[in-house]
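Peer 1: Please find one structure pasted underneath; my questions will follow.
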Amino acid sequence: MIRCLRLNPMWQADQVLASRAALHGVDAAIPNPQQAALDERARKAALRNKVYKLRDKVWTASRDDLRKRLSQLSLEGEPELAALADRLRVIVDARAKLPQLTEHRDFDGDFFECFQKVLTGSVRQSAEMRERVAASFQDRRLKKRGLRMIKLLREKVPELTAMEEPWFKLLKSRCGSVSGMFVVDTNVSTFSRAWIGVAIVLIFQLFYRLAKLLVEVE
Amino acid sequence: MKLNNDSNPDSAADWSLLPHDPGRFFDLSTGFDRKDLKRSYNRLLRLYKPEKHPAEFQQIRAAYEDLERRLRYGEARPASGEANWSSADGPATAPHSGREHSADSAKTDSDRDESSGGGDAVAVEAIDLEALAGRLESGAESLSAAYNALVKKQHKTPPDFYALALMGDATRPPEELLLLRWLLKGLQSWPGDSALSQLVYGYLRTQAPIETLPALLVMISRTIANDGFYRLTEGAWERLLRQRPFEVFAKTLERCEANVAEGAAGDPAIGGRVAFYLFALRYALWKDTRDWKERALEFVEEHFDQMPEHLVNDLDGLMIVREYLAHRAEFVAAHPLRARLDAVLEAAYTRDQLEIDRMMVDCQREVLASPEAVAEAFPATDSPACRAFFPLWAWLSDDTASRLAPPVEEAQDLKLWKGRVIRLLTESKAAPSWQSTLWTLAHAFRGAFTIAVIVFVGIVAFSLGFLGIMAFVMPERGGDIDGTVGLGMIVGFAVMAAACLAFWRWFPHLLKDTVWGAFCQRMADRCYRRIWRPRAFDFMRRSVLDFFTFRELVAQAAAEAPPDERTWISHFIQQDFGLAVYSIAQRFQE
């Protein structure tokens, strides 16, 4: 309690009261609710920082070092961060197979770079990259290269592609999309009106020919 | 925004400003409010992370809590009688004290103090706490001797009361409540002293046994019988509200108010009481089954003109809660997920921050895991219950996300997303389905029907014109058939053309206003629910755009397209609470 005389109760009131509780054996189980919430926030932020740091260097740092650091993480009660850590573990394990891929004739460096960003970007960065690639698939040449690369990735590193399966499915499904082939971010009504114009011209031509035929018959 | 503009947002805090000028410590200029304070507080928390700077973090939090409470209770400046704790050994001037009261402390040492703070202002010597601690530690002076000597001191400063509270509490059993009694005595002499107030507030909030709280509050209301009572005891009331039936709160408050009214006779200040009512109403609106909440609201509204702006905002917030509670039964009955969200909302107003945060994060996970359930729980149709619910949910989620969700990232590439939204609308419009086919056929049928009606009208108009001429003009012409038929044909065609033209202009509008409009609304509603909405949800899932950005992009894209299904899609998306709730949950993704 004497120690408390040296504390400034203006901002150390919690400590003073905690010492008092210890002195009297009073149940100090009622923590300052604001402090408890802040502590929780700080704990979560610290954990997040650790995982994000590992994510930032997952393609470059030593695999053993990454494995060690990932195994040291304690992520109970944080399913989102735990899922992210699991994702990083899969990437670390699969990294050994990647050099062989680059030698394959279907390997597409640009696509692979995008894939890396999708795998280890933040939520929004990954979402943007996925859509960017999907948009680029409107170009036939890029689409063809991309599909070959997807096939290669599925064969050689299925554990990596499994993490982005919905995206790959989306990319593949775009290939057979009629609307994707004929209507690319344009105005469908303009398109329809053009067809109506063509139809009217054809009908006029038909009538003209019929009238001509009738005149000839008479 | 009341942050000083010339300050660097990342500049370090000036610790010398604490505790006497917390406003400048938080880098706030004149006229700041609680929002400015919170913004500045969050900035400092980012600079002084608790894991790296635990001591600074604690100081910042304590200063924030104190200033926030002062602001809420209309006492943004430290009290005039506040002592200088940072140089506790310097001389201080004892202020003119409040009234002395000893009804509950007659048998305690604190009541033997006869001179503290009474009378006119006099220069007093504050105790050197460091030296006292040194003497006690070295054994040069015993605890009880030091305590007795200090009790006899004529004019006491807040550090004296602080030392007395600590030493009295250490030498006597806790049941004697010497800690609280000396602190209260100190506050009587030095009204509003921050450090003593913090200790009383903290004691009541975290250590006083819950079963003794009603009696303690009544005792305090006799000692601090003025408007400041409410600010000082807010933590205790919070515990009572959360851990005891509401009736206990209401009865205890009634007794305390009577004491405060008696003690503060002639003092017109009601700011503390209004702020306290607003604080208690947050809870009472959910739990009070009797009429306290109505009376409290009436009191607050009576004094509306005297309320500072930020309390008006609090009142507005309570009115939104009230509006929601009026629709609550309807909202909850609609779907189990809604009941879950409602439970979090209720917790947000009635439980501790930590528990609220946990419940909120769990609930957001649930929302994120099942967009189908969200779509089911929030149908595309507009409903007053959803309208009342959403602002509360958005505000609360945003508050939690600002603390627990990953930091918001840099600006998004809106050009990319606009292109993707255009594609989404185009593909949704072209998506094959039974509904859209039926709708297309109905469009064709409407065209054919319109043409058929116009042809019919044309024939009737022609017949009327022709026959009219034949009937009325031919007798006058003396049976000139060829001339009359020719004239009849000309008039008939003219009438027909006029009728067709008029009908062409008028009939589609008539059709739209009667049958077609309602039909389109119904078809669009079905198409949205079955075809377009799942696509919109899927897009939200993929894009992680926030709802308002998405909504804006959809509106832009629809406005740039001709009026067709895309206009309908945009119309429904603008008011889709399901998409909004789902989008909010996406902020919690890692």
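Peer 1: Kindly list the residues of the range B:182-217 that lie in the label zone of B:VAL248, defined by a backbone N under 17 Å from the point 7 Å along the Cα-to-C-beta vector.
Peer 2: B:204-217
Peer 1: Can you figure out the FRET efficiency of B:ALA411 with B:ARG255, using R₀ = 60 Å and their beta-carbon distance, to the nearest 0.05?
Peer 2: Between B:ALA411 and B:ARG255 the formula returns 0.60.
Peer 1: Let me ask something else. Rounded to the nearest 0.05, what FRET efficiency do B:SER138 and B:ALA55 have when you use their Cβ-Cβ distance and R0 = 22 Å?
Peer 2: 0.25
Peer 1: Determine the relative contact order of chain B: mean sequence separation of Cα pairs under 8 Å and six or more apart, normalised by residue count, in whole percent.
Peer 2: Values: 627 pairs, mean separation 59.1, N = 590.
That works out to 10 percent.
Peer 1: When only Cα pairs under 8 Å and 6 or more residues apart are kept, what is the percent relative contact order across the range B:188-269? Walk me through the numbers before you get to the answer.
Peer 2: Details: 66 pairs, mean separation 31.5, N = 82.
Computed over the range B:188-269, the figure is 38 percent.
Peer 1: Mind checking A:163-171 for the average number of partner chain beta-carbons within 10 Å of each residue's beta-carbon? Don't jump to the answer; show the numbers that get you there.
Peer 2: Values: counts 0, 0, 0, 3, 1, 0, 0, 2, 0.
Other-chain Cβ atoms within 10 Å of each residue's Cβ, averaged: 1.
Peer 1: Measuring from label point to label point, each 7 Å out along Cα→Cβ, what is the A:LYS68 to A:ARG132 span in nm?
Peer 2: Here the modelled spin labels are 3.4 nm apart.
Peer 1: When the Cα centres of the range B:402-479 and the range A:104-157 are compared, how far apart do they sit, in Å?
Peer 2: When both Cα centres are located, 42 Å separates them.
Peer 1: Let me have the 222 nm mean residue ellipticity of the protein assembly as shown computed from DSSP H runs of 4+ only, each contributing -39500 (n - 2.57), with the sum over all residues rounded to the nearest 500. Write down the numbers at each step before the final one.
Peer 2: Working: 38 runs with 566 residues, N = 808.
Helix contribution divided over all residues of the protein assembly as shown: -23000 deg cm²/dmol.
Peer 1: Report, by chain and number, residues whose modeled amide H sits under 5 Å from the one on B:ASP480, excluding near sequence neighbours (fewer than 5 apart, same chain).
Peer 2: Under 5 Å from the amide H of B:ASP480: no residue qualifies.
Peer 1: Helix B:292-302: angle to the longest alpha-carbon principal axis of chain B, degrees 0 to 90, nearest 10?
Peer 2: The angle comes out at about 90 degrees.
Peer 1: Roughly what would the spin-label model give for B:PHE493 and B:ALA269, points 7 Å off Cα along C-beta, in nm?
Peer 2: 9.6
Peer 1: Sticking with this one: What percent does the relative contact order of the range B:116-256 come to when contacts are Cα pairs within less than 8 Å and at least six residues apart?
Peer 2: Values: 128 pairs, mean separation 26.9, N = 141.
Averaging sequence separation for qualifying contacts and normalising by length gives 19 percent for the range B:116-256.
Peer 1: B:GLU372 label point, 7 Å along Cα→Cβ, cut-off 20 Å on backbone N: hits in the range A:127-165?
Peer 2: Only A:165 pass the distance filter.
Peer 1: Restricting to DSSP loop positions (anything but H, G, I, E, B) with no more than 16 other Cβ atoms inside 10 Å of their own Cβ, which GluC sites (Glu not before Pro) remain in the range B:376-447?
Peer 2: B:GLU409, B:GLU410
Peer 1: Taking the Cα of B:TRP434, stepping 7 Å toward and past its beta carbon, and measuring to each backbone N in the range B:501-525: which are under 15 Å?
Peer 2: Label zone hits: B:523.
Peer 1: Also: Anything over 28 Å Cα to Cα? Flag those among A:LYS57/B:LYS35; A:LYS44/B:LYS415; A:LYS97/A:LYS144; B:LYS38/B:LYS251; B:LYS38/B:LYS156; A:LYS97/A:LYS143, in the order listed.
Peer 2: A:LYS57/B:LYS35; A:LYS44/B:LYS415; B:LYS38/B:LYS251; B:LYS38/B:LYS156
Peer 1: Follow-up. With each label point set 7 Å from Cα along the Cα-Cβ vector, what nm distance links A:GLU40 and B:ASP316?
Peer 2: 2.9
Peer 1: Expressed as cubic angstrom per residue, what is the convex hull volume of the alpha carbon set of the protein assembly as shown?
Peer 2: Cα-based convex hull of the protein assembly as shown, divided per residue, equals 247 Å³.
Peer 1: Through the Karplus equation 6.51 cos²θ - 1.76 cosθ + 1.60, θ set to phi - 60°, convert the phi angles of the range B:548-563 into ³J(HN,Hα) values in whole Hz; use x for Gly and Pro.
Peer 2: 6, 5, 4, 4, 5, 5, 5, 4, 4, 5, 5, 5, 7, 9, x, x
Bear in mind that the values in this text are calculations on the coordinates, not laboratory data. Since this is a predicted model, take the numbers as computed values, not measurements. Heads up, the Cβs are rebuilt from the backbone with ideal geometry, glycines too, and the neighbour counts pull from every protein chain shown.
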